[in-house]
Each structure stands twice: as structure tokens, then as C-alpha cells.
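Taking it in order: structure first as C-alpha cells, then the write-up.
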Amino acid sequence: MRLKKSRMTALTLAVTPLMAQADNARDWQNLPTDLNMVFGYYNRIDTNTPIDTALPIDGLSLNADLYIARYARSFAVDGRNSAIQILQPYADISASFDNAQFFDGTKHNGGMADTQFVLVHNLFGGPALTKEEFANWTPETFLTGALWITAPTGDYDKDRIINIGSNRWAFKPEIAFGTPIGPTWLEFNTYVSMYGDNNDYHGDGKLEQKPLYAIETHYSYTINRALWASLDATYNRGGETKINGDWQDNKQENGLFGASLGFMLSPQFGGMLAYSDTVSERTGSPDVNTWTLRLQYAW
């Protein structure tokens, strides 16, 4: 990120959930209607960027423990499966800079991050089914649309060096496609993250950002009814920023690769363990690795 020297001492880091940027394998497959699900996530993140990967900063080293509570409910709309979800993250972060570029030592902060809402509707391949109908249904190729809305509800102080909230709205329309191939699933998700302005950036500055485009793929294998494994890949491009009217020449481009393991301990309770790491990036782009543990309960 290119900043005028007069603004360097007012650096503001913002944290919003990594969940806004990438999905996990089998996230968008069909479920019975009138199903409630609660999720608990623990993410361990090491990166050179605030956690939403929207604003990489040269020389930054950031470590975060990110906790996310997520609730989802499925229902029928025009004979197709739909859902609404809400996510509330909490983060503990520590940040330092090479050669004390912006501050000496390590800075710490913790607090609530920005709340997210997700609206989901299946376009084909995901009919609205009761639990009894779903038990006898054979999964099929599907196409599902989703809209993520990130509200600026997180902790933010324009004079604080490290913030948890981002102080701007964000919208992410997404299309998810999946098809079964024997005991495996091949899934492709594509989305674009669009950002509102932050008018309190670095004190009273204005931050604008171009859309960030992404595509990801998951190839998962069903080991048995209670266990599956997946290889995962994501590619991101775009997201150049403008600060106080000056473009920063910081367009992002990076690729990530990872793996995940999903499990069910009972018909209602299960979870997932996942890891991802950046394998290539344009200079100045996010370089992030993440461990994720997810537990879930449905009723």
C-alpha cells in the first residue's frame, strides 16, 4: 500500500471475517427445509493483511484468533430451497511491522467484528424437501445464488491504530455450482466483493476500493456416510484502493490451495477441519494461511 508520509503514523487496521472471502466444500448443497443450524468456528490466521484480505499492507505481520458464531435456517420459496444466515465474529489480533514501519513492537486488540447476513436461494437442483422427502432424495447437479451483506457494526475508532471493524458496508453476490461424480463432488463458486467507502480512514481520510473478484473450486470424496475429504483452491484478482483521491497501484492477485475434512458424529452434530495457504501472489497481494475448526448442530 502506498501512503503519503504525513499519514503513516495514523495507520488503521480493520478486521472482518475471512468467511466473507471463501467457502468450504459442500457448503451450498441441498438441505431439508425448516432446518435450523448453528455453527461455531475457530480460525487461526497468519497474514500480511487485515483479515478480510481487502487491504494488504507492506511489511505487516498479523496473527489472529477469529471466532465466528453462525446461525442458518432453511425454508421453501417457489418450490426451491432457500435460507437466511447471520454471522457474528469476534477477533483477538496482534500486529507488528518490519523495521517498525508504522509503530514499534507489537500492538494488540480484541473485540466484535462486522456482522454479516447471507440470503441464499437455489436456482436448480435443490428442490424444497421435507426431512422425510430428503431422506429418499438422490443429490443432483445444482446451481445456487447467495448475497452476503457485511454491515459496519464492528469495533472501530478512527484514531486507534488497530481496529476490529472495517467502518464500511460490503456486498458479495455469489453463484455456486456443484455436480456429483460417483462418490465425489466437483464444486465451483464465483463471487465479487464490492465495498462501500470508509470516510474515517486514517482519521478523516476517505478510502475507496474497486471490486475484488474470486473463483474457487472444491473436489471432495465421500469416504463413508460420516466422513468426507476435499482439496480446495481459490484465485482472487482486483481490489485496487483509492485513498483521498489517489489510486494506490495495489491491485491484488493471489492463489490459495488447501484441504479439508468433514465429519458427522451423530445425525445432528458434526464438524470440519480445514487448512489453506497462499501458493502464489502478486507483489503487495495477500499472503495468508489459515487453520479452521468448525462444529455444527442441526435440528
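Please treat every number below as a calculation from the coordinates, not as lab data. Given the structure is predicted, the values throughout are model-derived calculations rather than measurements. Please note: Cβ atoms are built from the backbone with ideal geometry, for glycine as well, and neighbour counts cover all protein chains shown.
Quick notes on this one:
- Inter-probe distance in nm under a simple model that places probes 7 Å from Cα toward Cβ, at His121 and Trp169: 1.9 nm
- The packing ranking of peptides 191-198, 36-43, highest mean first, is 191-198, 36-43, where packing means the average number of other beta carbon atoms within 10 angstrom of each residue.
- Label point 7 Å beyond Cα of Arg44 along Cβ direction - residues of region 250-266 with amide nitrogen under 20 Å: 257-263
- Highest-MSF residue in the chain out of Ile45, Ile223, Ile162 [GNM, Cα springs under 10 Å]: Ile223
- Volume of the Cα convex hull of the chain, divided per residue and given in Å³: 115 Å³
- Each other residue within a Cβ distance under 12 Å of Thr153 adds +1 if Lys or Arg and -1 if Asp or Glu, for a net charge of -1.
- Label sites at Asp104 and Thr179, each approximated as a point 7 angstrom past Cα along Cα to Cβ, lie 6.1 nm apart.
- Backbone phi angles across region 71-84, fed through the Karplus curve with coefficients 6.51, -1.76 and 1.60 (θ = phi - 60°), yield HN-Hα couplings of 10, 9, 9, 9, 7, 9, 9, 6, x, 10, 6, 9, 7, 10 Hz in residue order; Gly and Pro are listed as x.
- Summing +1 for each Lys or Arg and -1 for each Asp or Glu among the other residues whose beta-carbon sits under 10 angstrom from that of Ala91 gives -3.
- Per-residue extension of 0.36 nm, minus the Cα-Cα distance of Glu133 and Ile86, leaves a gain of 14.2 nm for this segment.
- A simple count of charges around Glu187, restricted to other residues whose Cβ falls under 11 Å of its Cβ and scoring Lys, Arg +1 and Asp, Glu -1, yields -3.
- Qualifying aspartates and glutamates (Cα of each under 15 Å from Cα of Lys242; at least 8 residues distant if same chain): Asp197, Asp200, Asp204, Glu208
- Given R0 = 25 Å, the distance between the Cβ atoms of Asp159 and Glu240 translates into a calculated FRET efficiency of 0.45.
- Calculated FRET value between Val279 and Met194, using beta carbons and R₀ = 35 Å, to 0.05: 0.85
- Computed E for Leu227/Val77 - FRET, C-beta separation, R0 35 angstrom, nearest 0.05: 0.65
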